[in-house]
Amino acid sequence: MDPFLDLILLLRPKATLWGGLEGAGRWGVSFSKRDDLLFCWLEKGECYLTRPSADPVLMRKGDFALIRTVTAFTLTSDLAAVSLESDALVAATHRSMLRVGAHGSPDVFLHGGRFVFDTANEDLLSGLLPEFVHIPADDMSSVRIRTLLKMNKVESSRRGPGSEFVIGRLVELILVEILRNNAHRGEGGDSGILAGLADPVTKRALSAMHANVAAVWTVSTLADHCGVSRSAFAAKFRRVIGTGPMEYLLRWRIALAKDQLRAGTESVGEIAFAVGFQSSSAFSTAFSRVAGMSPKAYGERMGGNAAKSRYTRSERSRAL
């Protein structure tokens with residue numbers, strides 16, 4: 001299995017357009033920290049995108065950017081311009097298309113949108129996806145991304161047979177294209193799954209865990225699989241991925257379990273064994289520690305039936 005594709009499929013991304021921005025003369029618009037994933041592309045003009053503790057990025061016509069809003073960011077005509085708060089502008093104008101700066105014809109026109117993810121595993125974004133991706137207009141990926149966005153917009157406005165399927169696949173392709181481009185350019189961030197897939201040792205370990213999540217993996221067996229010593233493997237995995245191999249494996253197993261619990265087609269015991277736990281009680285303990293509630297409670301909360309009467313009496317007494 002491809003760990004990168006596994007992540008995209010489990011997140012079930014959807015894209016929504018939040019509007020855009022028209023700017024003339026000197027202007028600036030700040031966006032608050034929201035812990036979501038925004039994207040924008042510049043149809044006309046130039047502007048700067050600034051983030052705390054990062055160098056300003058000059059956005060030119062046709063450029064595309066993906067911003068994970070773990071911090072605030074600003075779009076501005078120049079680095080000395082005074083910025084207005086985006087929420088206040090929307091509240092004052094009741095428009096999603098923001099008009100800022102001087103009167104007259106705008107010299108900057110920017111489109112914006114937001115990726116929305118399956119809430120069951122949205123926490124996978126933290127530490128696994130990059131905080132910022134900038135794709136210049138002359139990069140072939142930028143052309144493909146804009147084409148896919150246009151196709152998505154047309155399909156969303158003219159729905160027909162199979163539209164939900166088409167829209168879903170288009171959004172997945174858009175996100176894959178953005179992140180794949182970032183990884184190929186060696187800008188996957190300091191740590192995370194993209195950085196891990198760019199490293200031959202951690203890539204082999206990630207691929208093995210994703211291909212057989214139920215296997216009895218240990219740090220030693222993974223190190224042997226990658227052809228390096230246990231200590232060297234553990235240190236490299238933590239440095240590149242940002243977490244230890246067993247922590248990563250546990251997090252991935254729980255993410256898969258959440259998805260299956262929500263579907264409600266398998267019992268807690270079946271799910272436990274499917275994702276690599278040797279008993280329902282061990283699974284319940286680990287799941288509760290990570291998710292903050294038991295598998296049964298999670299299944300009921302998410303509308304699934306997996307944690308209901310399909311427990312045996314002994315399983316129920318051990319798991320709760």
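Of all lysines in the structure, the ones whose alpha carbon falls short of 28 Å from that of residue 150, not counting any fewer than 8 places away in one chain, are 14, 33, 44, 61.
Could you work out the helix-only [θ] at 222 nm for the chain, with each DSSP H run of four or more residues adding -39,500 (n - 2.57) and the total divided by the number of residues, to the nearest 500 deg cm²/dmol?
Numbers: 13 runs with 147 residues, N = 320.
Only helices count here, giving -14000 deg cm²/dmol.
Decide, for segment 148-296, between rounded, prolate and oblate: order the square roots of the alpha carbon gyration tensor eigenvalues as a ≥ b ≥ c, take rounded if a/c falls under 1.5, and otherwise choose prolate if a/b is larger than b/c, else oblate. In terms of gyration-tensor shape, oblate. The aspartates and glutamates within cross-link reach of residue 296, meaning a Cα-to-Cα straight distance under 19 Å and a gap of 8 or more places when in the same chain, are 259, 266, 270, 315. Amide H to amide H, with H built 1.01 Å from N, residue 97 comes under 5 Å of 20, counting only residues 5 or more places away or on other chains. Largest accessible area first, the listed residues 259, 55, 107 line up as 55, 107, 259 when surface is computed with a 1.4 Å probe on the assembled protein chains. Ordering 176, 98, 291 by the projection of their Cα atoms onto the charge dipole of the chain, which places +1 on the Cβ of Lys and Arg and -1 on the Cβ of Asp and Glu, puts 291 at the extreme positive end. Using the Cα gyration tensor of segment 1-107, with a ≥ b ≥ c the square roots of its eigenvalues, what is the shape: rounded (a/c below 1.5), prolate (a/b larger than b/c) or oblate (neither)? Prolate shape, in that a/c is at least 1.5 and a/b is the bigger ratio.
Determine the dipole magnitude for segment 63-156: charges of +1 sit on the beta-carbon of Lys and Arg, -1 on that of Asp and Glu, nothing else is charged, the reference point is the Cα centre, and the result goes in debye to the nearest 20. Write out the running numbers ahead of the final one.
Details: 8 positive and 12 negative charges, 75 e Å.
Dipole size: approximately 360 debye.
Taking θ as phi - 60° and the Karplus parameters 6.51, -1.76 and 1.60, the scalar couplings of segment 229-243 work out to 5, 4, 5, 5, 5, 4, 5, 5, 4, 5, 5, 7, 8, x, 8 Hz in sequence order, x denoting glycine and proline. In order along segment 258-266, the phi-based Karplus estimate (6.51 cos²θ - 1.76 cosθ + 1.60, θ = phi - 60°) of 3J(HN,Hα) comes to 4, 4, 6, 5, 5, 5, x, 9, 10 Hz; Gly and Pro are listed as x.
Note on segment 191-282: dipole from Cβ charges, positive end direction compared against 264, 274, 233; the farthest Cα belongs to 233. Short-range pairs are left out: with C-alpha atoms under 8 Å and at least six residues apart, the relative contact order of the chain is 17 percent. Averaged over its residues, segment 1-151 has an accessible area of 46 Å² per residue, based on protein heavy atoms and a 1.4 Å probe. Just tell me which lysines come within less than 20 Å, Cα to Cα, of residue 203; anything on the same chain fewer than 8 places away is out. Correct list for residue 203: 236. Relative to the longest principal axis of the Cα atoms of the chain, helix 163-184 runs at roughly 90 degrees. Overall, the accessible surface of the chain at a probe of 1.4 angstrom is composed of carbon and sulfur to the extent of 54 percent. Given the alternatives (i) 139; (ii) 190; (iii) 151, volume of the Cα convex hull per residue in Å³ as computed for this entry is given by (iii).
In sequence order, segment 205-217 has phi-based couplings of 5, 4, 4, 5, 5, 6, 6, 9, 5, 8, 5, 7, 7 Hz under the Karplus curve 6.51 cos²θ - 1.76 cosθ + 1.60, θ = phi - 60°, and Gly or Pro positions carry x. For residue 50, the solvent-accessible surface with a 1.4 Å probe is about 30 Å², rounded to the nearest 10.
What is segment 44-133 by shape, rounded, prolate or oblate, if you read a ≥ b ≥ c off the alpha carbon gyration tensor as root eigenvalues and call it rounded for a/c under 1.5, prolate for a/b larger than b/c, and oblate otherwise? It would help to have the intermediate numbers written out before the result.
On the way: a/c = 1.97, a/b = 1.51, b/c = 1.31.
Taking the square roots of the gyration eigenvalues as a ≥ b ≥ c, segment 44-133 is prolate.
The values are calculated or read from the model by the stated rules, or taken from the named source; none is laboratory data. All figures in this text were calculated on a predicted structure; none of them were measured in a lab. Counting neighbours? That spans all protein chains shown, and the Cβs are built from the backbone with ideal geometry, glycine included. These area figures cover heavy atoms from the full protein model, side chains too; ligands, DNA and RNA do not enter into them. Shrake-Rupley method; radii C 1.70, N 1.55, O 1.52, S 1.80 Å.
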